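The values are calculated or read from the model by the stated rules, or taken from the named source; none is laboratory data. Given the structure is predicted, the values throughout are model-derived calculations rather than measurements. Backbone-built Cβ (ideal geometry, glycine too); neighbour counts: all protein chains shown.
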Ligand SMILES: Cc1cc2nc3c(=O)[nH]c(=O)nc-3n(C[C@H](O)[C@H](O)[C@H](O)COP(=O)(O)OP(=O)(O)OC[C@H]3O[C@@H](n4cnc5c(N)ncnc54)[C@H](O)[C@@H]3O)c2cc1C
């Protein structure tokens, strides 16, 4: 059996991604020892960018990682939506002073490693935290007040609670929710990071730009001192039967899906040979993701399409909510887990369902639906957008 010290005060966390490590900081602050079991041979994040909306800032500050995470952030000027059929701008949201005053925080883009590293460093520096890579969680058993977790390498660990932060294919979810593997959404995402010289000069905008086309869209934004550009291109496809994560991409497949685009935006996708492919998994929101001393967090609890760029931000919000409940629980973790999920389920489900809806009605429509989209979004003022996004971006601004 792996060593977990004082089992009555040890929480086991399955998964050392952004969600698992953020939660780990919270458990430690609440006085628990934490053992993080990570499947990969090393703790780390993929080499791509991430958008951090204003609601990422309160949790980053509370977790004590904001300064380090933001050291290399790019403070973009606007979010812009382009019509990939006509090449014209549909709408834009300026991210200047009025935006920052409204949401009390900015909107930034950063490299994923710049968010994951400070979380990892905080955990590494914490004597209450044990980080074990190369430990794939296979299952768990609740025994009295304890939980025993087994890993693929034959080890087992006992603690007073288990957190499943093991992502979209969560093993812990299989047992708690029992809704099988993720559904194949029919949406495929390709990612690449380009040096700025490979980005067409006319499109080197200090913006998160989204080009919306029929059954496809792509996003680009600058990274790390604007020396790099992050590209995410998404399209519909019914040719995949399993969810895929960070596989080598097929440039020809990608270009074929965007061949109806005008030359300028298409030229962005022609540049890279280094595409990585995700076949996106989807799950319906659920009304319960806890059982006694076991609960879920992040993608394991509420995986979402990336269309609102909120998956990692929700994981950060989850971790702060969980930390607060655990701190007030006086050792009653099952009660804390129920209070945590009660506060998180409706919000996260709303983001999951709204992301599906904007994918269908705003990002991927064709024909007359495209015209309706253009008219609806094109007639909005910045203040209209601020009000419409308040429920997402304004969350936690008073904390
Ligand atoms: C194309 C794309 C773009 C995105 N853009 C954004 C964005 O701009 N902004 C944003 O906020 N979100 C974005 N997201 C969502 C975001 O990436 C995820 O929501 C976030 O990474 C979830 O973090 P997590 O820790 O819950 O899960 P993960 O990052 O999936 O971490 C899970 C961890 O658990 C480990 N693991 C898995 N199974 C096991 C096991 N059995 N045992 C032990 N360890 C295990 C994995 O190796 C991994 O380290 C995007 C997602 C995609 C696909």
**Asked** (1) more than 15 Å from the ligand (Cβ to nearest atom); (2) under 22 Å from residue 184 (Cα atoms); (3) in a loop (DSSP other than H, G, I, E, B); (4) more than 22 Å from the chain's Cα centre (by Cα): which one isn't true of residue 240, the others all being true?
**Response** (1)
**Item:** Residues (within 16 Å of the ligand (Cβ to nearest atom) and surrounded by 19 or more Cβ atoms within 10 Å (Cβ to Cβ)) located in the stretch 151-160
**Value:** 151, 157, 159
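Rundown of residues vs (1) more than 16 Å from the ligand (Cβ to nearest atom); (2) touching a helix residue (DSSP H, G or I) at 6+ places or on another chain (Cβ under 8 Å), yes/no style:
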{"residue": "10", "(1), (2)": "yes, no"}
{"residue": "14", "(1), (2)": "no, yes"}
{"residue": "37", "(1), (2)": "no, no"}
{"residue": "47", "(1), (2)": "no, yes"}
{"residue": "60", "(1), (2)": "no, yes"}
{"residue": "64", "(1), (2)": "yes, yes"}
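For every residue, the table says whether it meets (1) within 24 Å of the chain's Cα centre (by Cα); (2) more than 27 Å from residue 19 (Cβ to Cβ).
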| residue | (1), (2) |
| --- | --- |
| 217 | yes, no |
| 230 | yes, no |
| 234 | yes, no |
| 260 | no, yes |
| 269 | yes, yes |
| 274 | yes, no |
| 292 | no, no |
**Prompt:** Do any residues in the stretch 33-47 that are closer than 18 Å to residue 276 by Cβ and modelled with pLDDT of 95 or more have Cβ atoms under 6 Å from those of residues that are within 8 Å of the ligand (Cβ to nearest atom) and outside any strand (DSSP E or B), where the two are at least six apart or on different chains, and which pairs are they?
**Reply:** none
**Request:** Determine, yes or no, whether residue 367 is surrounded by fewer than 18 Cβ atoms within 10 Å (Cβ to Cβ), modelled with pLDDT under 95, under 30 Å from residue 255 (Cβ atoms) and away from the ligand (no atom under 14 Å from the Cβ).
**Result:** no
**Request:** Take residue 136 and decide whether it is over 23 Å from residue 315 (Cβ atoms), at pLDDT 95 or above and within 16 Å of the ligand (Cβ to nearest atom).
**Result:** no
**Item:** Number of the condition not met by residue 186 [criteria: (1) within 16 Å of the ligand (Cβ to nearest atom); (2) modelled with pLDDT of 95 or more]
**Value:** (2)
**Request:** Check 286, 313 and return the single one that is in contact (Cβ under 8 Å) with a residue 24 or more places away in the chain and within 12 Å of the ligand (Cβ to nearest atom).
**Result:** 313
